[in-house]
1. Report the residue count in the range 87-116 for those that are in contact with a Cys (Cβ under 8 Å, 6 or more places away or on another chain) and assigned to a helix (DSSP H, G or I).
2. Could you look through the range 199-222, keep only residues that are part of a helix (DSSP H, G or I) and within 13 Å of the chain's Cα centre (by Cα), and pick out the one that is farthest from Arg306 (Cα to Cα)?
3. Given (1) modelled with pLDDT of 90 or more; (2) over 29 Å from Gln356 (Cα atoms); (3) assigned to a strand (DSSP E or B), identify the lone condition not met by Arg181.
4. Going through the range 300-326 one residue at a time, which ones are more than 16 Å from the ligand (Cβ to nearest atom) and hydrophobic (A, V, I, L, M, F, W, C)?
5. Go through (1) closer than 20 Å to Asp133 by Cα; (2) assigned to a loop (DSSP other than H, G, I, E, B) for Gly51 and report which single condition fails.
Amino acid sequence: MSAPQAAAAATVKCLVWDLDNTLWNGTLLEGDDVALADGIREVITCLDARGILQSVCSRNDHDPAWARLEALGVAGYFVVPQIGWGRKSDAVRRIADRLNFAPGTVAFIDDQPAERAEVAHSLPEVRCYRAEDATLLPDLPEFNPRAVTADARGRRSMYQAGFRREDEQARFTGPHEDFLRSLEMVLRIERATPEELARVEELTQRTSQMNATGVHYSYETLRALLAGPGHEVLVATLTDRFGSHGAVGVVLLERHLRAWRLKLLATSCRVVAFGVGTVLINWLADQAARAGVHLLADFRATDRNRMMEIAYRFAGFTGVADQPCDCWSEIRVRQIHAGGGEDGAEDGDGTAGGIQLLHLLAERRRPPTTLRLIAADLTSGAPG
Ligand SMILES: [Zn+2]
């Protein structure tokens, strides 16, 4: 695991709360008039604002426990609550699975040592905390993400909209394309502003399956690219009638006279089913065709990003050795690593540092049929 990935894994993405004598004082089933323990409301709202999701895992009857959370005004903060009588480790695992989070990014807080031990035994990666330490959590490094972006602040409502969308999809009986059209999706592709770079960085950190080079760009590197000539940093955001998906894609593009080179294309795993990667690639091909340039794309195989290679190949990209063209021979291969710029030696088949260069003779493409695209005009920019 590379250093940036390790750092990302250290941050808790979801905190799972026990209820009786942890979130609230007293035991609901014994008839106690339970109330939130001191400082708990502040912890909940603070973590929520940082984009850390929260859930509930409690031995109780579901309906009265949930009604009490509603009465206390905190029910809306929790996603995929697990209130029932099974093992807590099973409930925590269900939460992680439903959110598609690795157990190592999930935390659990409970007043009962036996419950913490049971969870820790079955899920050793899950971090367990004592109820008496609840108000200390916001000060711990693992509950302090490095950057709190607009997407982080809206993360909980994005997940809640996502579950409503999934429910609707489960009920939908027609073809997948018809379901996609029913979502009334709007994809915006815009040049990133300096204020948005934290968002872009966060997205490159959170994408692994759909990251064409597996490189996680730092804020500093992105800022340098934005300031440098001949580069485009583009952000794609997706909304539909259920709400916003936030930033779902990032494109780093290097302009040359005869070709545009995609240094990075990464899309959020959450929107793979909506075809966002394909829409982005087709849009880039269309823009390149309008500008009269070819498209080149950096690709580096990782153990997670096979889907990205399929998306490029499906769009018509080939290895530069398979389709000789002199548009790329003039380009000195420059690799930008997460730590800063660095020249890479290139050999004859267009590979450098494990990065393979893919090539496309760009032609005009039809606009997407499943979503509305609102995009910047790249043909207006001057080549660097
Ligand atoms: Zn070419």
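The values are calculated or read from the model by the stated rules, or taken from the named source; none is laboratory data. Everything numeric in this text was worked out from a predicted model, so none of it was measured. Cβ: placed from backbone, ideal geometry, glycine included. Neighbour counts: every protein chain shown.
1. Kept after step one, since they are in contact with a Cys (Cβ under 8 Å, 6 or more places away or on another chain), are these residues of the range 87-116: 88, 91-92, 95-96, 99-101, 105-110, 116.
Pick out the ones that are also assigned to a helix (DSSP H, G or I) and you get 88, 91-92, 95-96, 99, 105, 116.
Number of matching residues: 8.
2. Arg199
3. (3)
4. First pass over the range 300-326, keeping only residues more than 16 Å from the ligand (Cβ to nearest atom): 300-311, 313-314.
Scanning the range 300-326 gives Ala301, Met307, Met308, Ile310, Ala311, Phe314.
5. (1)
Conditions (1) in a helix (DSSP H, G or I); (2) not hydrophobic (A, V, I, L, M, F, W, C), marked per residue:
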residue	(1), (2)
Ala147	no, no
Arg156	yes, yes
Ala161	yes, no
Gln169	yes, yes
Thr173	no, yes
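Rundown of residues vs (1) under 29 Å from the mean Cα position of the chain (by Cα); (2) closer than 30 Å to His216 by Cα, yes/no style:
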site	(1), (2)
Ala10	yes, yes
Trp17	yes, no
Asp33	no, no
Gln54	yes, yes
Arg68	no, no
Ala71	no, no
Arg93	yes, yes
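Yes or no, residue by residue, for (1) modelled with pLDDT under 90; (2) in contact with a strand residue (DSSP E or B) (Cβ under 8 Å, 6 or more places away or on another chain); (3) of a type in the set (Gly, Ala, Ser):
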position	(1), (2), (3)
Leu296	no, yes, no
Met307	yes, no, no
Phe314	no, no, no
Val320	yes, yes, no
Trp328	yes, yes, no
Arg334	yes, yes, no
Ala338	yes, no, yes
Gly344	yes, yes, yes
